[in-house]
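Participant: Just passing along the structure, written as structure tokens.
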Amino acid sequence: MIAEELINHMIPPLKPTDDAGKAIVWMEELRSNQLPVVDGGKFLGFISEDIILENNNIEDQIDSFELIGPLCYVYRNQHFYDIIKIASDNDVQLVSVLEDDDSFYGVITVQDTITSFAQTAAVQAPGAILVLSLPANDYSLAEISRLIESDDAKILSSSVKEDHFDSTKIKLTLKVNKTDPSRAIATLERFGYKIIARYQETKPLDNQKERLDILLKYLDI
């Protein structure tokens, strides 16, 4: 999935000349405590309910507030992993989407991104999640995939993250299509790979909390 496929067209941008009262009304109607602010097609940042309430004057114009997340944006063709990372780095619920010429195109909600990810085959398909710790120089997804496939299993999804405690190592998170990954684990360990966590699915995912949990396990955030 790419950014332009996830845009929420129900969330309009505010103008700097709009007043805080209008922002609050829109937030209540849209059930969102943040809204984008755009001036002449240029994304300026987000106004939040907290910022307005702290100021305690709904007659003030938006341009009198200090906006958040002015750099919280992606371009139309960026992957949804980029959306999650930027939202997490900036602690916001919305991510702005820009055209190639930097003009404003729309916004994405983090919740919509999570829901879309949860509907992908990699999440919906039954299986298990394995987390491996290994030296960065030894990382070869092709080799790991070959070992897993030797036990009649397949990798449905993978993500890599630097180990916070050792910069020479990485943590590799895999979703495999076996609900019992014991054979794959045994094979990986036989070839020197260290499994530091495993999550076996025993029932289909059927609610948003489980979907969010599975996403956080993939991305390790």
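The values are calculated or read from the model by the stated rules, or taken from the named source; none is laboratory data. Quantities reported herein were computed from a predicted structural model and do not represent experimental measurements. Neighbour counts run over all protein chains shown; Cβ positions are idealised from the backbone, glycine included.
Participant: Given the residues F65, F80, which is the only one that is more than 20 Å from the chain's Cα centre (by Cα) and of a type in the set (F, W, Y)?
Facilitator: Working: F80 fails: more than 20 Å from the chain's Cα centre (by Cα).
Within the list F65, F80, the selection yields F65.
Participant: Of the conditions (1) in contact with a Cys (Cβ under 9 Å, 6 or more places away or on another chain); (2) at negative phi, I11 fails just one. Which one is it?
Facilitator: (1) is the only condition that I11 fails.
Participant: Every residue in segment 27-43 that is surrounded by fewer than 16 Cβ atoms within 10 Å (Cβ to Cβ) and either of a type in the set (G, A, S) or on the phi < 0 side of the Ramachandran plot (or both), please.
Facilitator: Residues satisfying the conditions are E28, E29, L30, D39, G40, G41, K42.
Participant: Of these, E66, E149, which one is under 30 Å from A23 (Cβ atoms) and either of a type outside the set (A, V, I, L, M, F, W, C) or touching a strand residue (DSSP E or B) at 6+ places or on another chain (Cβ under 8 Å) (or both)?
Facilitator: Details: E149 fails: under 30 Å from A23 (Cβ atoms).
Selected residue: E66, the only one of E66, E149 that is under 30 Å from A23 (Cβ atoms) and either of a type outside the set (A, V, I, L, M, F, W, C) or touching a strand residue (DSSP E or B) at 6+ places or on another chain (Cβ under 8 Å) (or both).
Participant: Another question, if that's okay. So for segment 201-210 (the condition being outside the structural domain of D112 (by TED's automatic domain parsing), surrounded by 15 or more Cβ atoms within 10 Å (Cβ to Cβ), part of a strand (DSSP E or B) and modelled with pLDDT under 90), does at least one residue qualify?
Facilitator: Checking segment 201-210: not a single residue is outside the structural domain of D112 (by TED's automatic domain parsing), surrounded by 15 or more Cβ atoms within 10 Å (Cβ to Cβ), part of a strand (DSSP E or B) and modelled with pLDDT under 90.
Participant: Just to be sure before I move on: is A20 surrounded by 21 or more Cβ atoms within 10 Å (Cβ to Cβ) and more than 25 Å from the chain's Cα centre (by Cα) in the structure I sent?
Facilitator: yes
Participant: With the condition being among the basic types (K, R) and at pLDDT 95 or above, I'd like the strands (runs of 3 or more DSSP E) fully within segment 1-96 carrying at least 1 qualifying residues.
Facilitator: 42-48
Participant: Then there is this: Scan segment 167-179 and give yes if some residue there is loosely packed, with under 12 Cβ neighbours inside 10 Å, at pLDDT 90 or above and not in a strand (DSSP E or B), otherwise no.
Facilitator: Yes, that holds for at least one residue.
Participant: Let me ask another. Which residues, taken from segment 70-93, are aliphatic (A, V, I, L, M) and under 18 Å from F43 (Cα atoms)?
Facilitator: Correct list: L71, V74, I83, I86, A87, V92.
Participant: So, one more: Just to be sure, is I129 more than 16 Å from T173 (Cβ to Cβ) and part of a strand (DSSP E or B)?
Facilitator: no
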